[in-house]
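The structure under discussion appears below in the form of structure tokens.
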Ligand SMILES: CC(C)(COP(=O)(O)OP(=O)(O)OC[C@H]1O[C@@H](n2cnc3c(N)ncnc32)[C@H](O)[C@@H]1OP(=O)(O)O)[C@@H](O)C(=O)NCCC(=O)NCCS
């Protein structure tokens, strides 16, 4: 997978030139509020994180990578607007989960729903990953709308502080996912039952 294109965006492997954009992304107050302790927080941590991401070989179609990271770039100006990462889930809800954030000045344009929808489709076709899930704070309206815009379905989460979204409301139990993991041994194994049964919200 080299790049993923949408009508307004190009998703590509991050590069060192993205540092200013990534510092904007990760040092923002909304990231601190909604992404808990996930990801780098200070400019120095962002620079270290970005170097590590850039050093990681870019996965290609036919690989079975553990994760893929994208800089979300606007086609009109070739400027990085944000970050989107997808990778193996440690919880038995779906094969992969994801995280994302945009620079404060690039929000409110519906970019991330467009990016997530295309990234999921590309991970399916390039890597054979079928199921994805994501979770956000109950008060994170923009993130919930992003996942709905990308075609995910909200399901019960069991935590009033969070909202959960899946691509596969038909895959309803941890047991089914575990059977799928056996058919695809490269999928990370996790204990069945931590997610519990899912149902439509
Ligand atoms: C989550 C995030 C990436 C979404 O960015 P975005 O693509 O610009 O999303 P938008 O602002 O366009 O909002 C998406 C949708 O939510 C709606 N929305 C956003 N804020 C809203 C609010 N307060 N009330 C109601 N609807 C709202 C928008 O109208 C839009 O709806 P539409 O697609 O029907 O037009 C961005 O807000 C962000 O970077 N947040 C900080 C990091 C973060 O929270 N990451 C996710 C952690 S789970």
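In segment 79-93, which residue that is more than 17 Å from residue 25 (Cβ to Cβ), surrounded by fewer than 24 Cβ atoms within 10 Å (Cβ to Cβ) and more than 9 Å from the chain's Cα centre (by Cα) is farthest from the ligand (Cβ to nearest atom)?
Residue satisfying both the conditions and the ranking: 92.
Which residues, taken from segment 30-46, are surrounded by fewer than 16 Cβ atoms within 10 Å (Cβ to Cβ) and either over 25 Å from residue 141 (Cβ atoms) or within 12 Å of the ligand (Cβ to nearest atom) (or both)?
30, 32, 33, 36, 38, 42, 43, 44, 45
With 74, 58, 20 as the choices, which residue is without any contact (Cβ under 8 Å) to a residue 60 or more places away in the chain and surrounded by 15 or more Cβ atoms within 10 Å (Cβ to Cβ)? Give the derivation first.
Numbers: 74 fails: without any contact (Cβ under 8 Å) to a residue 60 or more places away in the chain; 20 fails: surrounded by 15 or more Cβ atoms within 10 Å (Cβ to Cβ).
Within the list 74, 58, 20, the selection yields 58.
Filter segment 110-146 for residues that are farther than 26 Å from residue 161 by Cα and not in a helix (DSSP H, G or I); which is nearest to the ligand (Cβ to nearest atom)?
129
Just name the residue that is nearest to the ligand (Cβ to nearest atom) out of those in segment 54-78 that are outside any loop (DSSP other than H, G, I, E, B) and under 23 Å from residue 94 (Cβ atoms).
Of segment 54-78, the ones outside any loop (DSSP other than H, G, I, E, B) are 54-55, 67-74.
Add one more test, that the residue is under 23 Å from residue 94 (Cβ atoms), and what stays is 67-70, 72.
Working: 67: 17, 68: 17, 69: 15, 70: 13, 72: 9 Å.
Among those that are outside any loop (DSSP other than H, G, I, E, B) and under 23 Å from residue 94 (Cβ atoms), it is 72.
Would you confirm whether or not segment 7-22 contains a residue that is within 16 Å of the ligand (Cβ to nearest atom), over 17 Å from the mean Cα position of the chain (by Cα) and farther than 23 Å from residue 144 by Cα?
Within segment 7-22, one or more residues are within 16 Å of the ligand (Cβ to nearest atom), over 17 Å from the mean Cα position of the chain (by Cα) and farther than 23 Å from residue 144 by Cα.
Read the figures in this text as sums done on the coordinates, not as results from a lab. Keep in mind that what you see is a predicted model, and the values were worked out from it rather than measured. Every residue, glycine as well, gets a Cβ built from its backbone with ideal geometry; the counts of neighbours run over all protein chains shown.
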